[in-house]
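*Asks:* Got a structure for you, written out below as structure tokens; questions coming shortly.
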Amino acid sequence: MQRRSTSLQVVAWWLAYTIVAVWLQTLLPGVDFLAPGVVLSLQERPGAQTGFMVLAWVLLQEGMGSMAFGYGLMWYGVLVLAYLGGRWLFESRSFLFMCLLGLLLGAMHPLLVYSLASLQGLAWSVPDMMLEGAIQAGIFPVAWYAARSLFPRGMRYDDAHV
């Protein structure tokens, strides 16, 4: 008999994910390791849980970043809209779809940095932002796959609600 996960288990798993993702972001600045978690949460527990996590992660990203408020809102907003729109065209858990989302995020990173840096009068390096975008595009599907593989089976939406 399979046990359903408790709220405490869900909170503990996402808290651990957040800590690891923030730690990885300190090792690889400019790359967002929380974004794969947003997609995973949309896949596994759509609704209020995802909304709360996105809000918390936007505030976390905005607080850790050096740009004025707005990057995280646009970043996660576009990611959520792209996922919700793309799942009508692609299998929502396919690696190909995650690669496409990664490419979108990789292309979007330099554009967002350019637009916000221009508004703030900050200097920014085009090659560095392009490199960060390329790394984001490559890491996103791999990080999503790793998180999905580590996500406890009893907490999965498919298993818990069948």
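Quick note: the coordinates plus some simple rules give every number you see, no bench work behind them. Please read these numbers as outputs of a predicted model, since none were measured by experiment. Virtual Cβ from ideal backbone geometry, glycine too; neighbours counted across all protein chains shown.
*Asks:* Measuring from label point to label point, each 7 Å out along Cα→Cβ, what is the Leu84 to Leu60 span in nm?
*Replies:* For the pair Leu84/Leu60, the computed spacing is 2.2 nm.
*Asks:* Strictly greater than 19 Å: what percent of every Cα pair in segment 56-152 meets that?
*Replies:* Details: 2232 of 4656 pairs.
The proportion of pairs with Cα distances above 19 Å equals 48 percent.
*Asks:* What helices does the chain hold that run 27 Å or longer along their axis, going by alpha-carbon atoms, with a Kyte-Doolittle average of 0.5 or more, using DSSP H for the helix calls?
*Replies:* 7-27, 95-120, 126-150
*Asks:* Treat each spin label as a single point 7 Å out from the Cα along the C-beta direction, and report the Leu15 to Ala134 distance in nm.
*Replies:* Calculated label separation equals 4.0 nm.
*Asks:* Between the DSSP loop rule and a limit of at most 13 other Cβ atoms within 10 Å, which chymotrypsin sites (Phe, Trp or Tyr not before Pro) in segment 85-147 are left?
*Replies:* On the way: sites: Trp88, Phe90, Phe95, Phe97, Tyr114, Trp124, Trp144, Tyr145; in loops: Trp88, Phe90, Trp124.
Taking segment 85-147 and a limit of 13 other Cβ atoms within 10 Å, the loop chymotrypsin sites (Phe, Trp or Tyr not before Pro) found are Trp88.
*Asks:* Ok, one more. Running a GNM on the chain with Cα contacts under 10 Å, which residue among Met53, Met129, Met64 ends up with the highest mean-square fluctuation?
*Replies:* Met64
*Asks:* Taking a cut-off of 21 Å, what percent of all Cα-Cα pairs in the chain are separated by more than that?
*Replies:* Values: 5966 of 13041 pairs.
Summing the P(r) tail past 21 Å for the chain gives 46 percent.
*Asks:* Counting other C-beta atoms within 10 Å, and keeping those with at most 11, which DSSP coil GluC sites (Glu not before Pro) do you find in segment 29-110?
*Replies:* Answer by residue number: Glu91.
*Asks:* Given DSSP loops and a limit of at most 14 other Cβ atoms within 10 Å, what is the longest stretch of the chain that contains no such trypsin sites (Lys or Arg not before Pro)?
*Replies:* Here the longest run is 5-162.
*Asks:* Test of understanding: what is the full-extension gain from Val22 to Ala48, defined as 0.36 nm times their sequence separation minus their Cα-Cα distance?
*Replies:* Working: separation 26, 0.36 × 26 = 9.36 nm, distance 2.22 nm.
Fully extending the segment from Val22 to Ala48 adds 7.1 nm.
*Asks:* Based on the Cβ-Cβ distance from Ser92 to Ala123, what FRET efficiency comes out when R0 is 30 Å, to the nearest 0.05?
*Replies:* About 0.15, to the nearest 0.05.
*Asks:* At a threshold of 8 angstrom on Cα-Cα distance, excluding pairs fewer than six apart, so keeping six or more, what relative contact order does the chain reach in percent?
*Replies:* Relative contact order here is 31 percent.
*Asks:* Another question about this same structure. Run the helix sum for the chain: -39,500 (n - 2.57) per DSSP H stretch of 4+ residues, divided by residue count, reported at 222 nm to the nearest 500 deg cm²/dmol.
*Replies:* Rounded to the nearest 500, the figure is -24500 deg cm²/dmol.
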